[in-house]
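Student: Structure below; questions to follow.
The values are calculated or read from the model by the stated rules, or taken from the named source; none is laboratory data. Computed from a predicted model, the values in this text were never measured in an experiment. Cβ coordinates were reconstructed from backbone atoms using ideal geometry, including for glycine residues, and neighbour counts include every protein chain displayed.
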Amino acid sequence: MTITTTIAYATIRTTICFCIRSEIFCDGPLLSAAQNAFIFNDSKTFVDLHLKNDPATVLSDFESLNSTDMGVMQSFVDANFDGPAIEFSPWVPPDWQLSPAILEKIQDPELRAWASDLHTLWKDLGRKIKDDVDINKDQYSLMHVDNPFVVPGGRFREFYYWDSYWIIKGLLLSGMTDTVKGMLSNFISIVDQLGFVPNGNRIYYQRRSQPPFLIPSVNEYLKVTGDFQFVRDNLPTLQKEYEFWMVNRSVEVRKQDGGSVESYTLNRYNVFMGKPRPESYREDVETAAGLPEVDAAEVYSNLASAAESGWDFSSRWFGQQGTLSSIRTKQIVPVDLNSIMCMNERLLAEFYEQAGDTVKAAEFTTAYQTRRSAIQNVLWKESTGVWLDYDLELSATRDEFYLSNILPMWAGCYGSEVGAAKHEIDGKVLSYLKNEGVLDYPGGVPTSKKNTSEQWDYPNAWPPLQQMLIEALDNSDLKEAKQIAFDLAQKWTLTNYLAYKENKVMYEKYDVTNQGVPGHGGEYGVQAGFGWTNGVIMTLLDEYGDKLKSDVPITTTPSSRGHQANSEYFIVALLLSLTLFFSSCFVSV
């Protein structure tokens, strides 16, 4: 049996920049000069500024400058820009309430008080865009939307697509359904304009998306409110976003078994932009330094594609050299993206069924079943007992641990409709996690086992992946899986709680090797706030609030640390036995 791949290759066009509107915030000599002048430590700061004058005047003034003089550029930016974060008006969500029902479910008094603090943080993270952003569009990089929203925090001053799924889950637990409906309406309006939800509402994000969580977010809102009319009204737009991914981010993989060939359509991240990301301009230029223009454009495209994945950056996307400059995101068919797409197909089928459109319901039921088959036939590796990313260039799965490997289990897109088949797969996945030795770190489950200094690698643990793993295990019929789910929920809750107790801050990521310590690495410092972290903790407190404790000591379980760890324990035990044996011999003599 062999697997071959059909890919439509295209030349990356270096003439296409990241947005349509701006010669200042997205591309061009001014952007390059301002970023290379190192006026701000974070490249994102410059492209988040506000223009004091109209763009034509600013560009005209720039043409007469010695743009290679850092002092001149500093004065120019000071004279023509202000900000960042001046685009917003003061806003407190009107549906915020003092004591949401979730607090009553939390038995531990310290965790209950902490949950109350997290509930209050929504007010700090809420944003309402000023009317001037809509009136004077060319002077801002922020994309105007009608409704207020909740941001991640820190340098992430705007909304972010996949972050919002966990933010929405937290807001719903806070009883803030109107805020959630407004955020969903923002996404829907942007899909109507662009055809998809961008990475965030900045014009420099207009060429890339993030993991497609709009449909699951709408489903979370529906489960809490029962507002199916909202779903019915927006079904065409939800389908439009789905079609964007199928038209622009799909690839055909052909599996040859004997004399027959079967084709499977799967999805990948694939941004065809051959320029540095404006918000990471200096970093991208440094990554591609020394490469011919065509090769540099390909690196830029793969960097943008990794940013679209949300995993920016990780060894998951690296080539054989194992460095960021060898990045090849577009050649990888990711397990997690296809799991999310499978969930989207199932939900669309359910939505259309409830809307009474049996033709559309049947169409998406078929798509869902076809995707399940593709995930199992292309991404599942029986000898490993888990799903693996697929390498299009090598026509093979990539046998590396990434926490995303378990996502078909989270999405319910695996096995047959018969429970016994899922039961068997659940057991294999659980054994895989044990054998990889990833369940016993004190601070959570690592994103990978490779320490590359990239933020989506060891030793960092990220809230969304922790929540999806815990939910996947808890949904299993295996008692052991459910117990491990609770143990991980307790561990992750304590990791977050200890950091908050020490610093009064929720971080975007944490270090698995040091309980209560924020993560590190990547192209910017660890951020605080933090939207999806708050949402994940509130989700865990809602699910396990009657059992979670604030003072549980963390211990490791040697039996689940994997083959390498088991070997270490065997050797130690053997040496101890030999020591005791020889000691007894000497005593006998």
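Student: Can you pull out the residues in region 453-478 that are aliphatic (A, V, I, L, M) and either surrounded by fewer than 20 Cβ atoms within 10 Å (Cβ to Cβ) or at pLDDT below 95 (or both)? Step through it out loud before you land on a result.
Tutor: Restricting attention to region 453-478, the residues satisfying the condition of being aliphatic (A, V, I, L, M) are 461, 465, 468-470, 472-473, 478.
Scanning region 453-478 gives a single hit, LEU478.
Student: Which numbered condition trips up ASN302, out of (1) among the polar types (S, T, N, Q); (2) free of Cβ contacts under 8 Å to residues at least 40 places away in the same chain; (3) over 19 Å from ALA349 (Cα atoms); (4) surrounded by fewer than 16 Cβ atoms within 10 Å (Cβ to Cβ)?
Tutor: (4)
Student: Inspect all residues belonging to region 104-117 and state whether any of them is within 21 Å of the chain's Cα centre (by Cα), crowded, with 16+ Cβ neighbours inside 10 Å and at negative phi.
Tutor: Taking region 104-117 as the starting set, the residues that turn out to be within 21 Å of the chain's Cα centre (by Cα) are none.
Within region 104-117 (the criterion being within 21 Å of the chain's Cα centre (by Cα), crowded, with 16+ Cβ neighbours inside 10 Å and at negative phi), the answer is no, since none of the residues qualifies.
Student: Name the single residue, out of those in region 256-297 being part of a loop (DSSP other than H, G, I, E, B) and exposed (fewer than 12 other Cβ atoms within 10 Å of the Cβ), that is modelled with the lowest pLDDT. Working first, answer last.
Tutor: Within region 256-297, the first condition is being part of a loop (DSSP other than H, G, I, E, B), and the residues that meet it are 258-259, 268-277, 288-292.
Subsequent filtering for residues that are exposed (fewer than 12 other Cβ atoms within 10 Å of the Cβ) retains 258-259, 289-290, 292.
On the way: GLY258: 72, GLY259: 76, ALA289: 98, GLY290: 97, PRO292: 97.
Only one residue tops the list, namely GLY258.
Student: Moving on to the next point. Given the conditions (1) within 29 Å of TYR300 (Cβ to Cβ); (2) part of a helix (DSSP H, G or I); (3) in contact (Cβ under 8 Å) with a residue 60 or more places away in the chain, which single one is not true for ARG346?
Tutor: The number of the failed condition is (1).
Student: Condition test on TYR161, is it more than 26 Å from PRO90 (Cβ to Cβ) and of a type in the set (Phe, Trp, Tyr)? Spell out the reasoning first.
Tutor: Values: more than 26 Å from PRO90 (Cβ to Cβ): no; of a type in the set (Phe, Trp, Tyr): yes.
Taking the combined requirement at face value, the residue does not satisfy it.
Student: Evaluate region 381-401: report whether one residue or more is in contact with a Lys or Arg (Cβ under 6 Å, 6 or more places away or on another chain) and modelled with pLDDT under 95.
Tutor: The answer is no, given that none of the residues of region 381-401 is in contact with a Lys or Arg (Cβ under 6 Å, 6 or more places away or on another chain) and modelled with pLDDT under 95.
Student: Assess whether LEU433 counts as being touching a Lys or Arg at 6+ places or on another chain (Cβ under 8 Å) and either buried (at least 19 other Cβ atoms within 10 Å of the Cβ) or basic (Lys, Arg) (or both).
Tutor: no
Student: OK, next. Based on what the data block shows, is VAL47 β-branched (Val, Ile, Thr), within 29 Å of the chain's Cα centre (by Cα) and more than 30 Å from HIS119 (Cβ to Cβ)?
Tutor: Spelling it out, VAL47 is indeed β-branched (Val, Ile, Thr), within 29 Å of the chain's Cα centre (by Cα) and more than 30 Å from HIS119 (Cβ to Cβ).
Student: When LEU98 is evaluated against the numbered criteria (1) in a loop (DSSP other than H, G, I, E, B); (2) without any contact (Cβ under 8 Å) to a residue 12 or more places away in the chain; (3) farther than 30 Å from LEU548 by Cα, which criterion, by number, is the only one it fails?
Tutor: For LEU98, the failing item is (3).
Student: I've got another one for you. Do we find that SER453 is more than 16 Å from the chain's Cα centre (by Cα), in contact (Cβ under 8 Å) with a residue 12 or more places away in the chain and under 29 Å from THR287 (Cα atoms) in this structure?
Tutor: yes
Student: Taking interchain pairs and intrachain pairs at least six residues apart, which have beta carbon atoms under 6 angstrom, with the first residue in region 215-231 and free of Cβ contacts under 8 Å to residues at least 60 places away in the same chain and the second surrounded by fewer than 17 Cβ atoms within 10 Å (Cβ to Cβ) and among the β-branched types (Val, Ile, Thr)?
Tutor: Qualifying pairs under 6 Å: THR225/THR177.
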